[in-house]
Each structure stands twice: as C-alpha cells, then as structure tokens.
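One structure is given below, encoded as structure tokens.
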Protein chains: 4
Amino acid sequence: MKALVLEKKESLSIRDFPIKETVGPDDVKIKIKACGICGSDVHYYSHGAIGAYVVREPMILGHEASGIIIEVGSNVKEFKIGDRVCMEPGIPNLRSKETLSGNYNIDPEVRFWATPPIHGCLREEVVHPAMFCIKLLDNMSFEEGAMMEPLAIGMEAAKKAHIEPGDTALVVGCGTIGIMTAVSALAAGCSTVFISDVKQPKLDIAASYPNIIPINTSKDNLEEEILRYTKGKGVNRIFEASGYDPVYPHFFRCARPGCTVVLVGIPSKPVLIDVSFLQGRGIRIETVFRYTNEFDKAAALVSAGKIDVKRLISKTFPFEKSIEAYEFAAENHPDVVKVMIVL
Amino acid sequence: MKALVLEKKESLSIRDFPIKETVGPDDVKIKIKACGICGSDVHYYSHGAIGAYVVREPMILGHEASGIIIEVGSNVKEFKIGDRVCMEPGIPNLRSKETLSGNYNIDPEVRFWATPPIHGCLREEVVHPAMFCIKLLDNMSFEEGAMMEPLAIGMEAAKKAHIEPGDTALVVGCGTIGIMTAVSALAAGCSTVFISDVKQPKLDIAASYPNIIPINTSKDNLEEEILRYTKGKGVNRIFEASGYDPVYPHFFRCARPGCTVVLVGIPSKPVLIDVSFLQGRGIRIETVFRYTNEFDKAAALVSAGKIDVKRLISKTFPFEKSIEAYEFAAENHPDVVKVMIVL
Amino acid sequence: MKALVLEKKESLSIRDFPIKETVGPDDVKIKIKACGICGSDVHYYSHGAIGAYVVREPMILGHEASGIIIEVGSNVKEFKIGDRVCMEPGIPNLRSKETLSGNYNIDPEVRFWATPPIHGCLREEVVHPAMFCIKLLDNMSFEEGAMMEPLAIGMEAAKKAHIEPGDTALVVGCGTIGIMTAVSALAAGCSTVFISDVKQPKLDIAASYPNIIPINTSKDNLEEEILRYTKGKGVNRIFEASGYDPVYPHFFRCARPGCTVVLVGIPSKPVLIDVSFLQGRGIRIETVFRYTNEFDKAAALVSAGKIDVKRLISKTFPFEKSIEAYEFAAENHPDVVKVMIVL
Amino acid sequence: MKALVLEKKESLSIRDFPIKETVGPDDVKIKIKACGICGSDVHYYSHGAIGAYVVREPMILGHEASGIIIEVGSNVKEFKIGDRVCMEPGIPNLRSKETLSGNYNIDPEVRFWATPPIHGCLREEVVHPAMFCIKLLDNMSFEEGAMMEPLAIGMEAAKKAHIEPGDTALVVGCGTIGIMTAVSALAAGCSTVFISDVKQPKLDIAASYPNIIPINTSKDNLEEEILRYTKGKGVNRIFEASGYDPVYPHFFRCARPGCTVVLVGIPSKPVLIDVSFLQGRGIRIETVFRYTNEFDKAAALVSAGKIDVKRLISKTFPFEKSIEAYEFAAENHPDVVKVMIVL
C-alpha cells in the first residue's frame, strides 16, 4: 500500500510499502482519511532521531490520524464497518504493572506509531486494537478527528493540573501543544489563561479564543505582566509547554502560593530549578507524558462546541503532496499551527 | 436602620431595627445594594424554623447580598471606600481545627446570616469581616453580585466532584441550586450536563444554556433517558440537588462505574441507599455544606463570561416592596428561579 | 484432578473433576498448597447462591489460595518453576474502559474464582495468568500466602480511606474482614483503631494487636465510647465491615468533621442514611469492591513483620478433610476467624 | 527573664532579656521545660543569617520546645494550668487566603520562632496562642515533646507523599530530618524504607529501626543498591532530605514509574533536574515547607508506640549549659542526631 516513508534523515518518499498486518479478534482495520504533522514527525525528518530513538530503517511517519473502519475483528462489538474514528497511537502491554495501575502511558513497553522502530499511520490503511479507536460524532470532520491526538496532550495536562473552576493559569509556549493546553485549561474551568511566547503571530491565533490573554516575552517581562494582570496575586496553575529551558527561572515566579505546575514541554537537557523557592510557595509539580483515556473526552468537548480545533488547522495538503506538506511544516512559519494531510 | 424583619412565622415587616455594630480593625461596613431571596429565607418565613434552627426573636432575613463599602477598619488594606463587593455570609471561628484544616464551612461554631439567632443582611448597612468580602469587577452588576452566594454552592459541588474535562454529569433537581450546579459543572469541564425535574418551565430555563439537556421525569424514565443519551454508558458525575428523597434509588442507576456522586440537596429525613449497588459500581459519595473559598472564583467566571447568572433573576423588587417580594417567592411559581430585592 | 465440589446447596464432595485448562503463553500452572475458607464460600454452601449469583451446576469452591508454580507459559519472564506464589482470584477484561482506568475490580466482565459459573481453586492444580500471581518471600508460609486475599480487601479499604499518619479509625464489625481492615488501617498510619462487635471472643483476638481498642456494643454504646476515648472529638476514618444494616445510624455519629467513611461490608438490603447529618459533618463516603493492585503490597507488609496474619488462622484441615472444614466453618464459632485447608 | 540570646554571629549569652508579652484572651503562657537545637539555630549562631533572614538585633534562639501551662487566656477552654504541652512555632495570619485554604505554612506573613526578627523560645516562659499548643499524654516526656517539631516535618513529608500501605521509599540524607522522614514514612504505611548518606554512624542509628535499610553512598552506588534490593523495580516514594544538590541526578533514577518525589531538604542554590526523565517515568514532585496540622498526629503516634524519638536524643544539657550545648551541636559529630536542652 502507499505510504509516506522516511527513508532516512531528510529523505522522504511516497511509495508502496509492504506491511503485513492481520486483523486480530480484538482489532479493526481503518482506512486513513486525515493525518496531522507533529513536531516529532518533522524532527525525525530533519534530524533522523529524537534522543535515543534513531531511524535506522525506512519508517512510515504520522501518528495523528482519523479514518473509516473497513474491517472488524471477531470479538469487536463496539464498532462496525463504516464507523468514523480517530485513534490513540500507542499500544501498551496490557499485562504490565503500569497499565494495570491506570498509567499505561508510562508502560516501558508501549509501542507508539512513528517512534522507531514502529511504523506510523500516514498510509492507506492501518490495523489497530479496537480499544484504542474512538468514534467521531457526525458533527466532527476527519481533520478535526486527527486533531484529537495533540488535543489529548493538552487534556492530559489539564487533568493533571487538577483545575478548580475559576482558577487562573499561565501556559508558557504558544505552539500547537501550548494552545491545546490553553484551550483544555479553559474547558477544564479556568476563568482566564495567559499564554506567553516570543512569536506574535502564534499569540494572535491563541488570543482569538475568548479568555486567553497573550504575553509577548520578547517585549514584556513575564512575571511583571502576570502580577499586573492578577493584581499581584499570580496564577494558580502553570503549564510549561515550550520545552525551552531558559524559561524555567521565570515562570515559577508567576506562581501563587499553593500553585500546581505541569511540565508538558520536553527540554533537551536538564534545567535549573530553585527548589527553595518552590518550597516557600508550596508548589507541586506534575509531569505529562502522552495521555491516558483522553481521546473520548477530547472528542466530546469538541462535539459539544466547548473546544474549537478547526482554527488551528493552518493548511491542508492532499496525500499526494505529503512531501511538500512536510517541507512546509519544516519551514516553521510563525503563523502556522497545524499542517494536515488528507487522503 | 431600616430592615426586613421576620417578626415571627408568617409575619414580616419593614421597619427600623436597632443593631449596634462597630467596625473592628479587620472589618468593613457595607451599604447593601441587592439581596436575593433564598429558599431558606422563604422557609423561615412560612414555617418559622428549619430543623433545629427556630426563629424565637424577630430576625432580619437575607444572606445573598452585594453592596458598596462605606467604612474600612484600620487593618484593612485590600478595600477602600466605594469598592463594590459581594459577601460570604458565614463567619467561622478562625481558631478552630476545621478552619485551620481548610474546612471552615463545617466549623460547628460558624455564624451565618439569617440563621437564628444571627441576623441577616436585608437592611441598609452591615458590618462584615473584610476577609469575607469579594470585589466585583466593573462588568458585574450588584444583582449579579448577589447571585454569587447560590452560585458558590454550585461551584463547591463542582469542585468536590473533581470533574475531569470531558466528563458527563447528571444534576437531579432544577431549582436555583440545581441550575447553579449544572452551570458550574459545565464551567468545570463537563461536555454535557443532564438535568432532571418534573417542572417543565424550570427545565426550559436550564435548557437555554448550551450543553444542558433537560429530562422531565414526570414524563420520562430517568435511567432510560440517561442510558439512551449516553449509549448505555451512564454519566461520570451525579449531583443530587433536589433534596427529594424518592429520587435516590433512581439516580444512582445512572452512574457509570467509578462515578462520583455529590449530595447537595438536603433531604428532610434519612434516605434509603443500596450500598451493594454502590460498591459494585465503585461509586464515591461527596457531600456539600455551603462552600469554602468559592466566591472569588465564581465572580471570576461570571466576569469572564463563562457563567451567565443574569437569566436566572426572574423578578426584581425594590426594598420597599420586600414583603411583596417574599410573598411572590413563597408562591413558588414554576417559571421563577431567583427573586431579587434592590436597595 | 481432585477438587472440592459444591454439587448443589448443602452438598459437598471431594472427587475427581475434569477441567480442561491449557497453559497459554501468559499463564502459569500452580499446584495449590493452601486455600482459606471465605464467608462467601460458606454462603454458597449453605444457601446455594449469593444474590444474583446462583449455583446451577456443580462448582469447585475456594478463592483464597497459594501454591507452587509447576508450569510456565512462553511469554512469562517473572516466574520460574518452583516459585511460591499467591494468586489474585479475579481476571478482568484487559480491554475494558474500567481496566484501562486502573479500576479493574469494577470491570463488569471480571471472572472471579468460585463465583458461579466460574470454578474456584480448591483443587490440585489451577492455570492462572502470571500477571495475577504474586511471589511469596521465603519468610512467608503458604497458609499466610492464602491470607493475602482477605488482607487485600482490608488493604484496599485502607488505601481508599486516604489515611494520614496519626489518624484515628473505627472499624465496625470484627469478622475476618473487619480485623483485616483494622490491621491494614494501623499499617497505613492510624495511631489507634477502635473495633466494634457484639462477639467478645472475636474482639479479644482483635485486641491482641497493639493499638486496637475493642468496643463490645452488646454492652456499651458505640458513640459514647468513641467520644469518651477521643475526648469528644470522634474519629477521622470509619470503616463499615459488618454489612449489618442496623449499625448505620450509629457509626456515622462517631465521625469527626471531615471524616472519610469506607463501606466494606455488603448489606443485604438498602440502608437508611441521614444525608443532612453527613453534609453538616463534611463526610465523604468511599466504597470497596474487592481490590486493585494490593496483593504485592499486602505480602510486603507481612514479610516486613508489619502485619501479622498468622494469629488469625484459627484451625487448619488437610485437603482430605475439606468437607469437615466447611462444616466447621459453617458453625460460625465466635472465636474462629479463618479456617484454612492445606494440600 | 533568663534566655539564650544570640547577640550576633558567633556570640551567645545566657542573660536576662526583657520581653513584654501579655496573655491575650486566646493565649496561654508556658513555662519552658525542654528545647531542642535545630540545624537552623546552629546556622544562625555560626553564620548570623539564613538566606534573606539576617540577625540584626540580639535574638533569643530555639523553636523546638515543650513546657507546662502556667496561665490561661479568658477564651481558652481546651487547656488548664498544669497541662503539659508542646508548641507549633509558627503563627500565621489567620485572615490570609493561604490560611483559609488550609495552607497556613505558606502564608507569607507567618511569624516563626527564632526566625529574625521573631524571638525564639529558649527562655523561661513564652506566651503562645492556645490553638498552636498540643497536649502531651502522660507517657511522653518533655524531651520527647520537644521532638514533635522536627517529627512534624517528617510527618508533613509523609502526608504529602500520599503513601499507600505497602509502598517502598527512599530517603536521601540521614540527618535529623531524614530519620524523622524515614520513621514517618514507615508509620504511614511503607513496608521498607531505604536511607542513604555518607556518614556511617548516622546510618547505624537509622538502621536500628526495623525495616529501615541503610545505604552508604560513600561506598555503594545508590541506584544500583536500590535496584538490587527491589529486584529492578525501584521505589514508589522518594524523599530528598539532605538539601545537598549533587544528589539530585542520582535519586530520581531510583524511581519506579509513577513515583512521587517529596523535596524536604532545602538546597542553597538551584539544582539541575532532568525533566524529560521525570516525564517518561510519570514522576510527581511535592514540596515541603514546615507543616500544617501535624503536631497532634505526631504526638499520637509517639504515645501509641508507633514512632520512637527517644533514641534520637543524643545528648541533653541543662539550660545553664546552653552555650556549651550549642558549641557541641555546632561540632557536627557524625553520631549525634539531636541535642536537647532542659529547663
């Protein structure tokens, strides 16, 4: 079948790629209809690796996808052919301690699409466990369905923040994940979410949502702005979504006593943290690694009109132009949030 | 000063009522501008008592109020004369174990407006601790400010439900507290809130909010409707807000495994609960008694436009017509949510 | 193979019972060495049913067991032949929403030993998923290993109570589960645990543990005793472990404001609960249904000497005398806690 | 009255020190009977400051104290003259948001004994709010009572770790706070607590408690030892109690997926933390700053015999020899845990 293959660093091709997948009793087969491009996809494309994950063999890219069910395993009751679905891209070991404790995201054996050596799903069809497929309501498009994956990360972050209705939050970093986190935090009860970045076009997109207030840290001081807006009190919840280590000393200063800080962005090296400051403010830190049980809730909020992901799809390419799409995504335009491929 | 006085059961008067209150160093004096009528106010009026709380002396009614600060104690820094505020009506013992644990609502010594023998605030002025006054933003009216008290109960219920974004909820009972709970649950992250009652006009008001689905249990079976809407799954969170004991066997049946049930309504007698059913479904029960630290968050959500309380103010009376207002409220019209008095 | 078979109500036999079980890749085969008799086993024996679970075909009894691994599936890495283990008796659907959320105990599809129509394990050998086997340290006997099942219920109750070190607790009911809950609550940080019952011999056994204080409610008033011991304050945590509905009005009165109540015992019919009392005291209710992820922790505490279960094994019978053992257990002696069968 | 006065850095005197304290209606006056020497006391003595807290005027030292009530304010009901008590040394603003939320420890206005410019309690008498005095049972000595303050820090750490019974823990640092944390973690439900340090005499003292396993990191590799003891699994809970920043990269590696790490020790400068490692293991970080509501629970566990603090009192001096006591404490003997002064 046709697939977008990362042959090696900086080398993509659209070509026939033989994958032998059989539909097991608990599986479904999905015809892919849309697939977003994630920062990690672009990173594999331009660097050939992310940390310890090195692309050593040609690998199909893509893990943010939606499609139509075209075959159903014998045990599967909750789906039928023709159902429109999005898919959770990671398959944990169902027998591990972590999975049995409800933390399947940190199961060390998880197999995740487009993380070497596991192939991604930017191809015509994929076989996947039915338990990791989520039905799309009629009012949601395939493109929106493909957005459930990055939204699930924002939802996981909001869940881990244990937001109480009426809290205020700061999101550091206004990329896809930052905005997804901001809209999730709002949906989860925040009255106001501040979001900071140095790129004004991305801040403008975020600020188009009600109750998101942008702070451009290339012009303004983050702590000063937060204290000014909150009349000296600071925020209850902070989300680090940039992965950019120099921001660490600054955002902690925006915390109200008792604040929860959620680390979503992945810094490439260890960061300096002032523990005594954290102690004096009674700060708790939660970390996010992918998600557990968030896709159906994310989809429910989008279907209910409480979260809008459409405005974050900056440009759409047909599958035939996937390589162009990747090149466009790799150019890292300041006003582009998500690049989507449709099949 | 002029006040609305419950002389005894079924006997109200508007009259001069001498109260000697001095503004202590941590207090402020407030000129009252609006005061809502609560079901408990009406109950004292029509029955002369609620449970063990018996009106034995003439008592000023009212505890849902807002106003303007007209005097400020010597230690008070966060307010100045002219500030517009709403007020938390209960004053706990600041030295009790409960207060020190963050649970000042269940401090046995709490003194609460219009709960005998403590006078309420439907009068020209009241002295109150500054720590229990909450500033109103310019975009909130005094009438909205007076709604923060019933909204705080809904907010407390939503907080105790530990809602995760995308959860679904059922609220049983569509009175003021039921609707306040439903809008709080939505603000706190629910994708959909079902609300049940037998009075269609109240359900129609609730259904005017997006994502609230009414169920009229005089016509439809609650459990069947919930299972139909949720495709057999049931809801994650249930709020009992009617205090009507015959509903108990029914709403528990709407719970998805792992559901949290929050009991907000106060039944007048013990209710029958099927413990083995709760165990099999892994149900947790939380109870609500007033609120802690909710007024500022409630006001923030209203100012942010995330919760609309205006449509719940069904009729407004001037202070001079307070007795009429109480009589109107006591008539219990099916299309009336909140009756408001302005000064 | 030989097994203890409940042919029908009140009719037991020890006989050859053909069970075709094959060791799948993730399974192990265990030679059973010890098996405790649970109240539910006795109930099936004497009544032929528990609620909706009716014994319609001959069924092997027993679900509290330990043994030696004698065969190992091809995927199993954590065990080898000869390992001594105890076993979790329930096998959930690993693909259900409940399991994936960490709540496999309330998965509606769980298959549980000796719950019709699933056979129990009081037989020579059993095949079981390796993931539900727990290794015994050398300092733990097979009889102690078989006690991990009832202890796991007490541990689950203690976990759900979210005990803070230094809390005080009341356990209502001094049967096996009551005592297991009391020792778990102590191990989990309680300074003192009160335990109430009407049977003095069982209370004497419980009182042989340090920091367990017995209250005989056939002689003394529960609430009065608790208030006397706690100088009027009441307890932080309450565990209902009797399943006897008349105790409900009484134990709630022993709660300190903010108390968590854990319902472990299974009443046979709905119980009356005074919701307004619960609300005024800020009481939360948690329910227990079996357990999740508790066996290894229970075994760790026993191996560490922090929980002693040996003194609760009142009498031991060889497998050949299993029928006598069941008859003895059914006599319900007031000084007997656990009857154990060894193979 | 006589007091131990830190005149300035490295200059102590025992002398008459006039303090005008009146017993307010909610206060008691206490005759001091025992007072421990804390590392912070020694630090003020040898350095004249801790961070921003600089000793600019002569200041009485000491904040770990117990005594006898000799005068009782008019509102105080829970104490009478002659009661033996220990005291919580910090007095928060009872009207602050933090206090009202149950987090009085992080109230920025808290006044804490022996933290400049607030005087300590190593003197004949002290006036203190009754709400921050805790009664000692007859089976606890004044010296043990004075140990409740450092124990409360360990208890706070154990509380914040949300230990589930049967968890395993690592405590990094075997000073007073490290050992207090280890015994609290055990009391809170841990089956085994590992404790690491480079000083063998302190490790020997810790290892005298059952279920505490010492690891001498001057000889052994921390991560290797933990993995060896836990058969490759790591621990569920980690407590950093050394404040020594080079340990940070090492202890995180001992975490099992889903581990909670509690930071108790106060590093003098920012530490490097590998956020991506934390994310991959699903690690949560809690911070400790003093304590809330722990003294009565600490005292209950000591009275119940579940925590032994006596063996940690290494040497006792009479008040007259306080200066010698401080000099002895400042020598930092490897086999000395707590130095106690009695009056």
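The values are calculated or read from the model by the stated rules, or taken from the named source; none is laboratory data. Computed from a prediction, not measured in an experiment: that's the story for all the values here. Every residue, glycine among them, receives a Cβ derived from its backbone with ideal geometry; neighbour counts consider all protein chains shown. Remember, those area values only see protein heavy atoms, side chains included, never the ligands or the DNA or RNA. Shrake-Rupley method; radii C 1.70, N 1.55, O 1.52, S 1.80 Å.
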Inset, instruction - Compute the semi-axes of the equivalent ellipsoid of region D:1-75, taking the square root of 5 times each eigenvalue of the Cα gyration tensor, and list them largest first in whole Å. - result: 26, 13, 12
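Considering every Cα-Cα pair within region C:1-134, what fraction, in whole percent, is farther apart than 22 Å?
On the way: 3450 of 8911 pairs.
Tail of the P(r) past 22 Å holds 39 percent of the pairs.
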Legend entry - Area hidden from solvent between D and A (accessible, protein heavy atoms only, 1.4 Å, total, Å²): 2400
Legend entry - Estimated FRET transfer efficiency when R0 is 22 angstrom, pair residue C:316-residue C:15 (beta carbons, to 0.05): 0.50
Legend entry - DSSP-loop GluC sites (Glu not before Pro) across region D:303-343, with at most 10 other Cβ within 10 angstrom: D:331
Legend entry - Per-selection Rg to Rh, region C:188-260 - Cα, Kirkwood hydrodynamic radius: 0.93
Legend entry - Distance (nanometres) between label positions extended 7 Å along Cα→Cβ at residue B:68 and residue D:80: 5.5
Legend entry - Binned Cα-Cα distance frequencies in region A:245-343 - 10 Å width, integer %: 12, 25, 31, 24, 7, 1
Legend entry - Value at 222 nm in deg cm²/dmol, rounded to 500, when DSSP H runs of n ≥ 4 in chain D each add -39,500 (n - 2.57): -7000 deg cm²/dmol
Legend entry - Sites excluded, trypsin sites (Lys or Arg not before Pro) in DSSP loops with at most 12 other C-beta within 10 Å, longest stretch of chain D: D:81-218
Inset, instruction - Treat chain C as a sphere of radius equal to its Kirkwood radius over Cα pairs and apply Stokes-Einstein at 10 °C in a medium of 1.306 mPa s; give the translational diffusion coefficient in µm²/s, rounded to a whole number. - result: 77
Inset, instruction - Using only alpha carbon positions, build the gyration tensor of region B:99-244, then give the equivalent ellipsoid semi-axes as the square roots of 5 times its eigenvalues, largest first, whole angstrom. - result: 32, 17, 16
Legend entry - Extreme residue, positive dipole direction of chain B, given options B:141, B:69, B:161 (C-beta unit charges): B:161
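To the nearest 20 debye, what is the magnitude of the charge dipole of the protein assembly as shown about its Cα centre, counting +1 on the Cβ of each Lys and Arg and -1 on the Cβ of each Asp and Glu?
0
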Inset, instruction - Answer with one residue from A:103, A:187, A:126: the one whose Cα lies farthest towards the positive end of the charge dipole of region A:60-194, charges on Cβ with Lys, Arg +1 and Asp, Glu -1. - result: A:103
Inset, instruction - Enumerate by residue number the chymotrypsin sites (Phe, Trp or Tyr not before Pro) in region D:171-270 meeting two conditions: DSSP loop (anything except H, G, I, E, B), and at most 13 other Cβ atoms within 10 Å of the site's Cβ. - result: none
Inset, instruction - Looking at the protein assembly as shown, send over the antiparallel percent of its DSSP beta bridges, to the nearest 5. - result: 60
Legend entry - Sequence-distant residues sharing a close amide H with residue B:102 (under 5 Å, placed H): D:102
Inset, instruction - Taking a label point 7 Å out from Cα toward Cβ, give me the nm distances from residue B:117 to the same spot in the other copies, shortest first, one decimal. - result: 4.5, 7.1, 8.4
Legend entry - Calculated label separations, residue B:70, copies of the chain, 7 Å along the beta-carbon direction, nm: 5.1, 7.7, 9.1
Inset, instruction - Would you mind estimating how fast region A:73-151 diffuses translationally, via Stokes-Einstein at 25 °C and 0.890 mPa s with the Kirkwood radius over Cα pairs, in µm²/s? - result: 175
Legend entry - Paramagnetic label zone (point 7 Å from Cα along Cα-to-C-beta, residue D:217; backbone N under 19 Å) in region D:158-191: D:158, D:168-183, D:185
Legend entry - Total charge dipole magnitude, chain B, about the Cα centre, Cβ charges on Lys, Arg, Asp, Glu only, Debye to nearest 20: 480
Inset, instruction - Report ³J(HN,Hα) in whole Hz for each residue of region C:282-291, in order, from the Karplus equation J = 6.51 cos²θ - 1.76 cosθ + 1.60 where θ = phi - 60°; Gly and Pro get x. - result: x, 7, 9, 10, 10, 10, 10, 9, 6, 5
Inset, instruction - Using the heavy atoms of the protein chains and a 1.4 angstrom probe, tell me the accessible area per residue for chain A in square angstrom. - result: 37
Legend entry - Residues in region C:273-289 that, when all protein chains are in place, have 50 Å² or more less accessible area than the chain alone would give (probe 1.4 Å): C:273, C:275, C:279, C:284, C:285, C:287
Inset, instruction - Go through region D:103-119 and flag every residue whose accessible area shrinks by 20 Å² or more with all protein chains in place compared to the isolated chain (probe 1.4 Å). - result: D:106
Inset, instruction - Find every distance from the label point of residue A:18 to the corresponding label point in the other copies (7 Å from Cα along Cα→Cβ) and write them in nm, one decimal, shortest first. - result: 4.7, 10.0, 10.3
Legend entry - Carbon + sulfur, % of accessible area of the protein assembly as shown - ligands and nucleic acids excluded, 1.4 Å: 51
Legend entry - Total charge dipole magnitude, region C:199-343, about the Cα centre, Cβ charges on Lys, Arg, Asp, Glu only, Debye to nearest 20: 540
Legend entry - Identity and axial distance of the chain B residue whose Cβ lies nearest the axis relating B to C, Å: B:285, 2
Legend entry - Global form of the protein assembly as shown, assessed from the alpha-carbon gyration tensor, a/c cut-off 1.5: rounded
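Please report, largest first and rounded to whole Å, the three semi-axes of the ellipsoid equivalent to region A:237-291, where each semi-axis is the square root of five times an eigenvalue of the C-alpha gyration tensor.
Listed largest to smallest, the semi-axes of region A:237-291 are 18, 13, 9 Å.
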Legend entry - Distance in nm between pseudo-label sites at residue A:56 and residue C:8 (7 Å out along the Cβ direction from Cα): 6.5
Inset, instruction - Would you be so kind as to identify which of D:341, D:37, D:265 lies farthest towards the positive end of the dipole of chain D, taking Lys and Arg as +1 and Asp and Glu as -1 on Cβ and the Cα centre as origin? - result: D:265
